[in-house]
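Values quoted throughout were computed directly from the atomic coordinates according to the rules given, and no laboratory measurement underlies them. Bear in mind the structure is a predicted one, so any value in this text is a computation, not a measurement. FYI the Cβ positions are ideal-geometry reconstructions off the backbone, even for glycines, and counts take in every protein chain you see.
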Amino acid sequence: MSTSSGEDRKALVVEDDEDIRSLIEFTLSTQGFSVMTVDSGLAGVDAVRDHDPDLVTLDLGLPGIDGIEACRRIREISDAYVVMITARDDEVEKLIGLETGADDFLSKPFSPRELKARVNAMFRRPRRGPQTVAVPVNNHVAAEPEHEVLRHGTLTVDVDGRRAFQDDSELTLTRTEFDLLTELMRTPARVWTREALLRSVWDTEWATDTHLVEVHIGNLRRKLGEGPGAAKLIRTVRGVGYRMEAPS
């Protein structure tokens, strides 16, 4: 593992190609990250566990365990932003990567400018707040007075505390899933197009693939318990996008 100095934010680059690894390391260090690098999936999982980075760039085609399996293991221990990087323009692999918890993906070759734009957009969103800010009390969230709290049926979201609850149970959401849920709950009567959610949540001109929205909405629905036959909290408006279903 190698490390280059930065300021407050930590990034981990998991990439077996030395040239690409050096390019990503340099690009992120110019954005104020303290950057660690490793060259295999297992080493990446260990580095996440040991160093708790804020951002992980994860190559899909790694030796040992591949990027998809590494992402799955990382998601069990971290809520870091994960950008998956692939040399193959394979839609199925990209979708699988997103379903395992990646927040975004880049296809090789990519420019340093594009990587900077994607990362800067992610970090314009707030990170999860302290665990002591809000706690569920009798199906509600007791939050600090200045916190924005959203409620919709059995769902409660403390926006500033970055915590979401369904009844008395806290939901384990990735940052992107949390941001999607927040946008939908802030305007429950609005039908959001996929393109509008992409602009609002990913907040960058480089994100143009609406598959990002569809996959993260699917992941969010599963965590809300929307299996076959279950009540839908997020409704698909055919040919348009999504909206919150009115509480029953």
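Just subtract the alpha-carbon distance of Ser111 and Asp46 from 0.36 nm times their residue separation and send over the number in nm, one decimal. Between Ser111 and Asp46, full extension yields 20.6 nm more.
The Cα atoms of segment 2-123 give a gyration tensor whose axes a ≥ b ≥ c have a/c under 1.5, which makes the shape rounded. With label points built 7 Å along Cα→Cβ from the Cα atoms of Asp8 and Thr172, find their separation and express it in nm. For the pair Asp8/Thr172, the computed spacing is 2.8 nm. Which aspartates and glutamates, if any, have their Cα less than 19 Å from the Cα of Lys116, not counting same-chain residues under 8 positions apart? Hits, sequence-local ones excluded: Glu7, Asp8, Glu15, Asp19, Glu25, Asp54, Asp59, Asp103, Asp104, Asp203, Glu205, Asp209.
Site pair His211 and Ile65 shows an inter-label distance of 2.3 nm when each label is modelled 7 Å from Cα along Cα→Cβ.
Straight-line reach from Lys94: taking Cα to Cα under 17 Å and skipping same-chain neighbours fewer than 8 places apart, the lysines in range are Lys108.
As a calculated quantity, the FRET efficiency between Ser22 and Thr193 at R0 = 51 Å, using C-beta atoms, amounts to about 0.85. Simple rule: put +1 on each Lys or Arg Cβ and -1 on each Asp or Glu Cβ in segment 155-207, find the dipole, and look at Thr182, Val159, Leu198; the Cα lying farthest toward the positive end is Leu198.
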